1. I need every pair where a residue in the range 164-180 that is within 18 Å of MET113 (Cα to Cα) and without any contact (Cβ under 8 Å) to a residue 24 or more places away in the chain has its Cβ under 6 Å from the Cβ of a residue that is of a type outside the set (Gly, Ala, Ser) and surrounded by 14 or more Cβ atoms within 10 Å (Cβ to Cβ), sequence separation at least 6 or different chains.
2. One residue is enough: does the range 169-185 have a residue meeting the conditions touching a Pro at 6+ places or on another chain (Cβ under 9 Å) and within 18 Å of PRO107 (Cα to Cα)?
3. From GLY70, GLY91, grab the single residue that is under 28 Å from TYR182 (Cα atoms), under 18 Å from the mean Cα position of the chain (by Cα) and at pLDDT 50 or above.
4. For the range 84-195, which fully contained helices (runs of 4 or more DSSP H) count at least 3 residues that are β-branched (Val, Ile, Thr), closer than 19 Å to HIS249 by Cα and within 13 Å of the ligand (Cβ to nearest atom)?
5. Restricting the search to the range 205-238, which residues are without any contact (Cβ under 8 Å) to a residue 12 or more places away in the chain, more than 22 Å from LYS170 (Cβ to Cβ) and part of a helix (DSSP H, G or I)?
6. Looking only at the range 48-77, count how many residues are part of a helix (DSSP H, G or I) and among the aliphatic types (A, V, I, L, M).
7. Is at least one residue of the range 45-53 crowded, with 21+ Cβ neighbours inside 10 Å, more than 16 Å from the ligand (Cβ to nearest atom) and modelled with pLDDT under 95?
Amino acid sequence: MNARDDLDAAVGSKRPTANSVRRVGKRWRNIFTVPSIITDVCEIFKMRMRKKRNGNARIQACSDYLIENGEEIDRMREEGLLPCRLEIGCGKGDFAVATSKKHLDEPYIAMEMISDVILCGLEKARAANCPNLKFIIGNAKDLPNYFQKGDIRVIYLNFSDPWPKKGYAKRRLTHRGFLEIYKSILTKDGKICFKTDNAGFFEFSLEEFEQSGFELSELTRNLHESEYAKDNIETEYERRFSSMGFPIHRVVATLKQNLPAGV
Ligand SMILES: C[S@@+](CC[C@H](N)C(=O)[O-])C[C@H]1O[C@@H](n2cnc3c(N)ncnc32)[C@H](O)[C@@H]1O
């Protein structure tokens with residue numbers, strides 16, 4: 001097993017062996033303290049989430065807040081509304097509503113692949129009257145169908161699914177495969193703001209960011225006790241995990257302007 005396999009294993013590790021702890025080393029030792037059973041429970045909860053009654057009709061009632069194709073993004077580009085902020089995996093939209101309100105002078109686009117989940121965000125945005133907020137029902141892998149290089153200034157990844165099982169690393173939204181997609185739509189000094197409760201997933205992501213040509217800043221393994229706490233906007237998952245006593249990890253990854261060849 002090499003260091004990368006160790007990191008993959010650590011994202012979902014429940015019972016570390018003494019050998020695996022030694023291999024990962026002192027820097028990553030705390031990653032084994034996360035009870036990944038909690039993330040497993042969340043996965044099961046999501047899979048079992050009841051279908052919303054009249055879901056499609058309710059989504060259509062919020063159609064002013066929906067972006068349904070790349071042509072709408074083309075129009076925004078022509079109107080000088082890009083680059084803008086993008087959240088991927090926005091869940092029920094609390095962070096999107098609050099962050100778009102904080103930055104009323106620019107568009108904020110929130111993407112989520114489960115329509116019954118995004119419906120909550122759409123209805124919250126309509127109730128809160130967010131003129132600069134739009135939603136895309138879709139998968140991050142399809143971002144290039146909507147956006148071009150330079151369209152996005154900041155990407156928010158909040159409590160992305162850690163995909164703890166071995167062999168599923170490519171599904172993590174901070175896997176280098178996804179980072180290449182983000183690079184293809186970010187401005188040349190674009191940023192990714194990443195938060196998670198899962199320490200193993202966090203360490204995995206730091207490695208992926210660095211390997212993919214991002215510079216790390218504002219790194220904290222206890223956001224709520226850090227100097228960045230005062231500007232923090234909590235998400236639904238963040239409230240749940242921090243109320244259970246788990247520290248929140250956060251980092252800002254900024255695209256290096258002069259990437260070495262091959263990165
Ligand atoms: C653990 S939840 C976190 C929700 C919210 N960001 C929060 O912090 O409360 C992760 C969300 O990301 C969405 N998601 C996962 N993979 C995605 C992908 N490839 N594209 C779009 N959304 C995705 C899931 O459907 C889920 O709603």
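The values are calculated or read from the model by the stated rules, or taken from the named source; none is laboratory data. These figures come from a predicted structure and were not determined experimentally. Every residue, glycine among them, receives a Cβ derived from its backbone with ideal geometry; neighbour counts consider all protein chains shown.
1. ARG171/TRP163
2. Checking the range 169-185: at least one residue is touching a Pro at 6+ places or on another chain (Cβ under 9 Å) and within 18 Å of PRO107 (Cα to Cα).
3. The unique qualifying residue is GLY91.
4. Values: elements: 94-102, 115-128, 176-183.
So the answer is none; nothing clears 3.
5. ALA229, LYS230, ASP231
6. The initial filter retains those residues of the range 48-77 that are part of a helix (DSSP H, G or I), namely 55-61, 63-65, 70-77.
Then keep just the ones that are among the aliphatic types (A, V, I, L, M); that gives 57, 59, 61, 73, 76.
Count: 5.
7. The initial filter retains those residues of the range 45-53 that are crowded, with 21+ Cβ neighbours inside 10 Å, namely none.
No: zero hits.
Yes/no matrix, rows are residues, columns are (1) surrounded by 15 or more Cβ atoms within 10 Å (Cβ to Cβ); (2) on the phi < 0 side of the Ramachandran plot:
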site: GLY167; (1), (2): no, no
site: HIS175; (1), (2): yes, yes
site: GLU180; (1), (2): no, yes
site: ASP197; (1), (2): yes, yes
site: PHE209; (1), (2): yes, yes
site: SER212; (1), (2): yes, yes
site: ASN222; (1), (2): no, yes
site: LYS230; (1), (2): no, yes
site: ILE248; (1), (2): yes, yes
